[in-house]
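A short worksheet on the structure shown next.
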Amino acid sequence: MSFELPALGYAYDALEPNFDARTMEIHHTKHHQGYINNLNNAIKGTDLEGKSIEDILKNLDMNNLAVRNNAGGHWNHAMFWKIIHPENKGRLSGPLAEAINAAFGSKEAFMEKFAAAAMSRFGSGWAWVSASKDGKVDICSTPNQDNPLMPGSSSCGTPIMGLDVWEHAYYLNYQNRRADYIAAFWNVLNWNVVEANYEAIIK
Ligand code: MN
């Protein structure tokens, strides 16, 4: 069975004006679909065919660049579409709020540190918030389509939210203004999903 493009669950223009419709459509139907097509081709006829995306990532041969880049590209984007929502659902609360306050002091300090990680990623990559089983949260970033699930790529734990800082994610609307794109991200973040991701790790 091959991997397939997941539906967004909202319209391409639903996140306007924060994320524009043209970017969302190209990002989903061209970039994400491209990673999926390349991943399916890369694993066809190998012992990776039929495995789950998490299985592939956790046991990844980091020298296998076709699988590394495209399995990462598929998982990262699938997570990204889920943690954004037109209604900016929920607010930081419960166990995740406690963990963020313990690690960073306040929600504002957390947002600043996350934005700094996203800003300082040179070239293309992702900024992540991750959690470990003991409930601690951390912020890190990875290059290209790497993510913290991959062997040795970071000691960041399991991602509960991630922000795509490739230029393809923002250039049409924001050109070189990555900081404005990061600020807009908070307006469409779905805290309910991020909290559910966190609670699934610590349970
Ligand atoms: Mn992307």
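The values are calculated or read from the model by the stated rules, or taken from the named source; none is laboratory data. All figures in this text were calculated on a predicted structure; none of them were measured in a lab. Quick reminder, even Gly has a Cβ in these numbers, built from the backbone with ideal geometry, and neighbours come from all protein chains shown. Surface areas here come from the heavy atoms of the whole protein model, side chains and all, with no ligands, DNA or RNA. Shrake-Rupley method; radii C 1.70, N 1.55, O 1.52, S 1.80 Å.
Some notes on this structure:
- Some residue of segment 90-107 being of a type in the set (Ser, Thr, Tyr) and modelled with pLDDT under 95: yes
- Selection status of Asn187, within 19 Å of Trp81 (Cβ to Cβ), polar (S, T, N, Q) and either open to solvent by less than 30 Å² (accessible area, probe 1.4 Å) or in a loop (DSSP other than H, G, I, E, B) (or both): no
- Residues (under 17 Å from Val67 (Cβ atoms) and over 18 Å from the mean Cα position of the chain (by Cα)) located in segment 4-43: Asn37, Asn38, Asn40, Asn41, Ala42, Ile43
- Residue in segment 142-158 that is open to solvent by 30 Å² or more (accessible area, probe 1.4 Å), within 15 Å of the ligand (Cβ to nearest atom) and outside any helix (DSSP H, G or I) present: yes
- Residue within segment 70-83 that is among the polar types (S, T, N, Q) and in contact with a helix residue (DSSP H, G or I) (Cβ under 7 Å, 6 or more places away or on another chain) present: yes
- Any chance Asn69 is open to solvent by 30 Å² or more (accessible area, probe 1.4 Å), in contact (Cβ under 8 Å) with a residue 40 or more places away in the chain and not aromatic (Phe, Trp, Tyr): yes
- Some residue of segment 109-123 being within 16 Å of the ligand (Cβ to nearest atom) and open to solvent by less than 10 Å² (accessible area, probe 1.4 Å): yes
- Considering the conditions (1) assigned by TED's automatic domain parsing to the domain that holds Glu195; (2) open to solvent by 50 Å² or more (accessible area, probe 1.4 Å), Ala99 is excluded by exactly one of them, (2).
- Residue tally, condition under 21 Å from Ala196 (Cβ atoms) and either open to solvent by 30 Å² or more (accessible area, probe 1.4 Å) or part of a strand (DSSP E or B) (or both), over segment 49-66: 3
- On inspection, Asn76 passes the criterion of being open to solvent by less than 20 Å² (accessible area, probe 1.4 Å), polar (S, T, N, Q), outside any loop (DSSP other than H, G, I, E, B) and within 16 Å of the ligand (Cβ to nearest atom).
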